[in-house]
Amino acid sequence: MPEALDTLGVGRVLGTDDATPLSFWVALGPDQYLQLDDVVALERLLPDGDTVRIYGLVTEVRARHEGARFDSDVFLIEDGILPAEVSQAAQILATRFEPEVFVPPLPGQPVYKAEGDERDMALYFDGMEKRLPAGLTRDDEPLYANLEFLDGSRGAHVNISGISGVATKTTYATFLLYSLFRSGVLGGEAINTKALIYNVKGEDLLFLDRDNRELEDEDRDRYQRLGLPPGAFDSVDFYASPRRDDPIAAPDVSTRQKGVTSYFWTLSEFCAEGLLPFVFADAEDDRQQYTIIIHNVVAKLRDAAEGLPDGGIAIDGETITDFESLARMIADRLQDDLTSADWAGRAIGQGTVNAFVRRLFGAVPHLKHLIRGNVPNPDRHRIQRQAQVTVVDTHNLNDRAKRFVVGVTLRRAFDEKERAGQQRPLLFVVLDELNKYAPREGSSPIKEILVDMSERGRSLGIILIGAQQTASEVERRIVANSSLRVVGRLDAAEAGRDEYGFLPAVHRQRSTILKPGTMILSQPELPIPLVTQFPFPAWATRASEAAPAKGNDDGDDPFRGLS
Amino acid sequence: MAQRVAIESWDPDYGVPSTEHTEETDVEIDVGVEVPEDRWGPIPARTEQRPEALLFIDGVRRIDANAWLDDGRIPVRQGMFASFAAGAVRVVEQAHVDRVEVRRTLFAPGNPEAFVTRGGTYEPFGVATPGADALSSALQERLGDLEVEVASRVADNADLVVVDGPLYRRAHLPRTIGYVKTHRVQHLKGRPAETIAVLAAGERTPVFRFRTSWTRHAWYLRLPGPKAHAWSGVVRMEATADLALDETLAMANLTAGVLPRYASEPHKDPRAPQNLYPIAGLERELRRRLGDAVYVDRALRAAAG
Ligand SMILES: Nc1ncnc2c1ncn2[C@@H]1O[C@H](COP(=O)(O)OP(=O)(O)OP(=O)(O)O)[C@@H](O)[C@H]1O
Ligand SMILES: [Mg+2]
């Protein structure tokens, strides 16, 4: 039997496996245990009398019979025939050396569970001036991310991967936002900091402003442990696409009656702001000859279209009040010999023009409710980023229309930030299904914006919180520029890919068995990712969870603006 | 002059006589203890018994180095560095190594001094006569003593204590039997010898009295396992002759009811089935406790300078 370990000791560094500065095994004392993700510390005395403190994380725990040689010996041992002892050992991956003398711990040295300040040291929380609550350990100790790697000071952007439904990607992205706004980590800036979230699936994000009345006390406590008040987001505006073929353009949502505004663009904005390229933002538009036509038509529309107060336009004396008519007008100009050279550009073949026209008409049914004229008070339906959080719902749109909406709104946000010329206040953009907008192959106007955002967003103050099921399908630069990388449950084949090189082998393995609400978080300062759990949303994610709204409901009239 | 030590460069096992218990040949046997000779025959197997506490005792030894000792007197003496260990396995539902004692000793004629190495200190043990045989039997004796020491510390509340090897010098321990695996000499003749040959698994012979330089009761038992020849799986048990006959027979029956369960299988132990699992496990643990032979050798040479 091992000698008694000093108080708090859980075991000793063992000498039957190599101990290296980065990885070593600890034999556990009798009646002691360590579990995955426990944080440990030990001290090594150097020959010159200095001590190095070594900190690490438990990444593997094993138990085995000592004294057994054959697999079947276990039966003899259990039957009391063969003597054997059970030995338990934990593998530690070192996180930190203080001071930085990279020596291995020596076999025999006692190992302690790190708690309090020691744990903070081990996980570098002590050096984080602004720490963002990022989740909890299994025993409900808070885990943090360094805000400096999110707010642009030393890095920016979050990328989240994981399989649909169980990886809780969207929920975690929302949780991070909540933590940003409510933990106090942003200080006085929190008030002006904004977020733009796209709701791409279901209506989960349409209740961010409502307390979740089904939140269990246990989860409430977990928010408290994180220093977060359990509750809803303070200030949220909801925008949803309008119902198709609805003259009053009521928002196309089914679970929330009030407080949602429909959004669309007027024909006049469409022409003046040159939004046509976002109609052609699919992979199939990539490498087509008609790109040149798009640019010409954009220029023509900008020049020729005259905006009308109801959002419509007049071109060459002709009034146009809906997108279909606009498309027809463009087609006419392109196909009419008299105007063709002017609108399409010189030396453009008939075939190319026809391809463009086909594609344009293909978009009409999907976009005609999003680009319209003849609306009273069109400004009402412009997506403003007044509230702290702006939710843009696209879940009822087809992919082509989603790309249009995402492309146009991102462009606008990006341009505004660029014009403002100030990094602060920050704008966080939460975008799911990144693979649709910035696929690895090809190029599109949206992908360019996203790559631009990932490269310059840090200095412009636009922070992308992106998510996708598989990072391997997303443009490399976007993933590579993300300082915080998060994975929820991964598919085993996916977990083996290069994109997850930031995960040590054991974490890759674990990623395939993560449960909803458990994520692996990698951040630049920590050599080893943290396995973290986050509490259930404290805001409602469906109507049945929504506590009654507080305060006045004055923004909740879907017919507002139509009078 | 202080004791100077030169380590023999040959492998310590080289030329050392086998120190297995050599069986004495000058024996006197009384086969009529349990039944008269003409009624000898296998005693049927017992149903399996599981005593509450069962102990197995064994010891191992290793000659770490042969050496030449020089303390300025003539002649230079041959000495021997040895490590040996004795221990017990206690079976109470599960089997655990209960107690292990390890000794390192320098055996030499006269009064050798303790020898300190970084692998531990070799305590001196003087032998009366010079020569390798004397050193070797001194080691055997010291190991025997250590086994007795271990056994007497742990044997108190055991229902049966099985000591690996003859009972010699351990006969005074309570509820203890000697367990002899190898049989170089056949002591029984005639009908008793035939009885051994026809024993089935779990069957034992009647008890007989067996006297060499000392007297004990003994019986043979056949363990389960493949029967390659007439003596396959046969072991001899020895119990003190001081017990009353009915107590001796109870012991004999107890061993027949208990030990077959612990017989090893040939794919796991070359000495199967006689090398009982608990003893094999104990032996491995004891050898481990002797320490790494290469390391110990290096430590000795370093200390010898
Ligand atoms: N902290 C949590 N603990 C346990 N379960 C949770 C937690 N947060 C969310 N969930 C559950 O997990 C489900 C899936 O969450 P979420 O929609 O965030 O996943 P997703 O990875 O974004 O999926 P998809 O790829 O389909 O968009 C939710 O319906 C919710 O019930
Ligand atoms: Mg999602």
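Rule-based calculations on the coordinates, nothing more; no lab input. Please read all numbers here as calculations on a predicted model, not as lab measurements. Positions of Cβ are backbone-derived with ideal geometry, glycine not excepted, and every protein chain shown enters the neighbour counts.
Below, the figures for the structure above:
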quantity	calculated
Distance in nm between pseudo-label sites at B:ARG284 and B:TYR168 (7 Å out along the Cβ direction from Cα)	2.9 nm
Whole-number D in µm²/s for the range A:3-122 (Stokes-Einstein; Kirkwood sum over Cα pairs; 37 °C, 0.692 mPa s)	217 µm²/s
Proximal lysines to B:LYS189, defined as alpha-carbon separation beneath 26 angstrom and excluding residues fewer than eight positions away on the same chain	B:LYS181, B:LYS227
At 1.002 mPa s and 20 °C, Stokes diffusion of the range B:44-126 via Kirkwood alpha-carbon radius, µm² per second	137 µm²/s
Gyration tensor verdict on the range A:136-187 (Cα atoms; rounded if a/c is under 1.5, prolate if a/b is larger than b/c, oblate otherwise)	oblate
Axial C-alpha extent at least 24 Å, average Kyte-Doolittle at least 0.0 - helices from chain B (DSSP)	B:132-154
For the range A:182-275, average projected area of the Cα convex hull in nm²	8.8 nm²
Mean residue ellipticity (222 nm) of chain B, computed from DSSP H runs ≥ 4 via -39,500 (n - 2.57), nearest 500	-7500 deg cm²/dmol
Student exercise, chain A dipole from Lys, Arg, Asp, Glu Cβ charges, in Debye to nearest 20	1520 debye
Per residue Cα convex hull volume in Å³ - calculated over the range A:233-303	157 Å³
Options A:VAL61, A:VAL74, A:PRO105, ranked by Cα towards positive dipole end of the range A:3-122, top entry (Cβ charges)	A:PRO105
Dimensions in Å of the range A:258-371 - Rg and Dmax from alpha carbons	14.1, 53
Quarter of Cα convex hull surface for the range A:61-120, i.e. mean projection, nm²	6.3 nm²
Over the range A:286-342, relative contact order from alpha-carbon pairs under 8 Å, at least 6 apart, %	16 percent
Sequence-distant lysines (8 or more away, or on other chains) whose Cα lies within less than 24 Å of A:LYS447	A:LYS169, A:LYS194, A:LYS201, A:LYS368, A:LYS402, A:LYS417, A:LYS436
Computed over the range B:28-79, the ratio Rg/Rh where both radii use C-alpha atoms and Rh is Kirkwood	1.41
Peptide A:79-91 - average C-beta neighbours from other chains (10 Å radius)	6
Test item: Cα-centred dipole of the range A:265-372, Lys/Arg +1 and Asp/Glu -1 on Cβ, debye	260 debye
Within the range A:59-106, trypsin sites (Lys or Arg not before Pro) in DSSP loop having at most 14 other beta-carbon neighbours inside 10 Å	A:ARG69
Size-normalised alpha-carbon gyration radius of the range B:126-174, reference 2.2 N^0.38 Å	1.38
Inverse mean reciprocal Cα-Cα distance (Kirkwood Rh) of the range A:392-540, Å	16.6 Å
Cβ-based charge dipole, the protein assembly as shown, positive-most Cα from A:ILE315, A:GLN509, B:THR255	A:ILE315
Helical contribution to [θ] at 222 nm, DSSP H n ≥ 4, -39,500 (n - 2.57), averaged over chain A, rounded to 500	-8000 deg cm²/dmol
Rg/Rh (Cα only; Kirkwood hydrodynamic radius) as it applies to the protein assembly as shown	1.23
Along each principal axis, Cα extent of chain B, largest first, Å	68, 41, 36
FRET efficiency for A:ARG440 and A:VAL166, using Cβ-Cβ distance with R0 set to 22 Å, rounded to 0.05	0.40
